1. Taking Cα pairs under 8 Å and at least six residues apart, what relative contact order does region B:128-288 come out at, in percent?
2. Treat every Asp and Glu Cβ in chain B as -1 and every Lys and Arg Cβ as +1, leave all other atoms uncharged, and give the resulting dipole magnitude about the Cα centre to the nearest 20 debye.
3. Calculate how steeply helix B:16-29 sits against the longest principal axis of the alpha-carbon atoms of chain B, using the helix alpha-carbon long axis, and give the answer as 0 to 90 degrees to the nearest 10.
4. Can you run phi through the Karplus equation (6.51, -1.76, 1.60; θ = phi - 60°) for region B:118-130 and list ³J(HN,Hα) in whole Hz, with x for Gly and Pro?
5. Could you list, by residue number, the cysteines of chain A that have no other cysteine's beta carbon within less than 4.7 Å of their beta carbon?
6. Where does chain B land at 222 nm, in deg cm²/dmol rounded to the nearest 500, when only DSSP H runs of n ≥ 4 count, each adding -39500 (n - 2.57), divided by all residues?
7. Quick one: give the max-minus-min coordinate of the C-alpha atoms of region A:97-189 along each principal axis, largest first, in Å.
8. Using just the Cα positions, wrap region B:115-250 in a convex hull and report its mean projected area in square nanometres, one decimal place.
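Throughout, read-outs are computed from the coordinates displayed, never taken from laboratory work. Please read these numbers as outputs of a predicted model, since none were measured by experiment. A quick note on method: Cβ atoms are made from the backbone with ideal geometry, for glycine too, and the neighbour counts reach across all protein chains shown.
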Amino acid sequence: MTIRINKVAKGTGLKAIVEEMSGVSLDACYQCRKCSAGCPVAGPAKSAPSEIIRRLHLGAGDELLENGLVWMCLSCETCYGRCPMQINFAAVIDALRSLALARGSKVPEGNMPLFNRMFLANVRVFGRSYDLSMIAGYKLGSGSLMSDTEKFPTMLKKGKMAILPPSGADKKAVRRIFEKAMPGKGKKQ
Amino acid sequence: MKYAYYPGCSSHSTARDMHESAIAVACKLGIELVEIEGWSCCGATAAHQTDRILAASLPAANMLLAKQMGLDTVVTCAACYNRMKVTNHEVSSSPAMRARVADVVGQPYDGSVAVRHLVEVLLEDVGIEKLRKSFTHTLGGLKVAAYYGCLLVRPHDVTHFDDAENPTILDRLVDAMGGQSVDWPGKVDCCGGGLNLTRTEVVVKLSGSVLDMAVASGAGCITVACPMCQASLDLRQKDMQKQTGRRYEMPIVYITQLLGLCLGIPPKELGLNRLMVSPAGVLQSLALKA
């Protein structure tokens, strides 16, 4: 495909900061596209790993943070596993996600950032994941109240969904980690 | 054989059957699993999609607890396994990461705690021969598709689990149990698990494709070692039917559930009653060892 880069990219090019955040150099990519051939979501995301790398090479700015692959990537790491130059593209996507959060980029369909916030908020409080509370929080926040509801009674009956919150974790140690790793983000989570 | 056991959050929720069967099988084989006291969440996908330091610090805190026990860490969840292995790789290869993680966790961690999946312990420490001798039942020739998914095998230079494109650990266990591991192309494909709540239609498509390949190979069940794979494939068969019009009745069983059956452990103790798709076909194949 032909990649067209908007000459007036939003902000400065992202390549340097993405490389710094991920610890991955993108210079060795020669567009063999094995990553894209193996990517399970290149279709629905309407983009592919090698395309993201090329866009970064060509000076893409903040508009790249709204690319469909950023939040649809499953971190399956097939791209990294098959790269002849061992470029860890999964780490590149993680860096783009962190940047998208920091710069307030448009929330993607399905709202993965909300899901992650709900997941981490529960870990922060209980020291472990609390599925029921996390799912409720995500459903309320995203408005997807009715999806999958037919599955919950069976899951509860079969003991596949814990009703009570988890206990036993060293909550103090976990809270310290959140406060130190993401200072200032705690209360809002 | 004694190990520090990290159950992971799903062991008390969506994957209680994985936890129950792992404990039952370990007990039967004389493997001592000592639960890490005070263990906490590894951070899973949510942490590494949010912040790299957070994602390394959560597993590091747990491995520091295991280090005090002086034992190798054994995990049953493929996601926890992956996060711990990635953390070990990051802190041991980057002094800067090591320093950041030490500051966040409050003590230094050098990435030296060995992390192993229970199936690696079964194959490498217990061994196929001892397993064979311990079996009271066989799978009676049942055709089984061994499904590995992503998190055990990738990235291979970090997890070092078997083979990246054609792993055979689960296949070898199936064959040792008197089952027939099928040759099929889906074993390291992604089930889509990470998008289960947010983009369900993608999960239905990817898991449906895995299921279709298993059906085409003639498998009577799929065996897994990852709670996300189990949930996607087991929970979403009715959704797949709505999308493709094909009817699916494929039992999705943990490898430890199959092993437990062959060790003569009652199905209920292995959590087989918790599966969405009935494992009746698997139970019918089960035969007393000659």
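1. Once divided by the residue count of region B:128-288, the mean separation gives 28 percent.
2. 560
3. The two axes meet at around 90 degrees.
4. Computed from phi, the couplings for region B:118-130 are 3, 5, 5, 4, 4, 7, 8, 9, 7, x, 4, 5, 5 Hz.
5. A:C29, A:C32, A:C39, A:C73, A:C83
6. Computed mean residue ellipticity for chain B: -13500 deg cm²/dmol.
7. In descending order, the Cα extents are 40, 36, 17 Å.
8. Approximately 8.6 nm², given one-decimal rounding.
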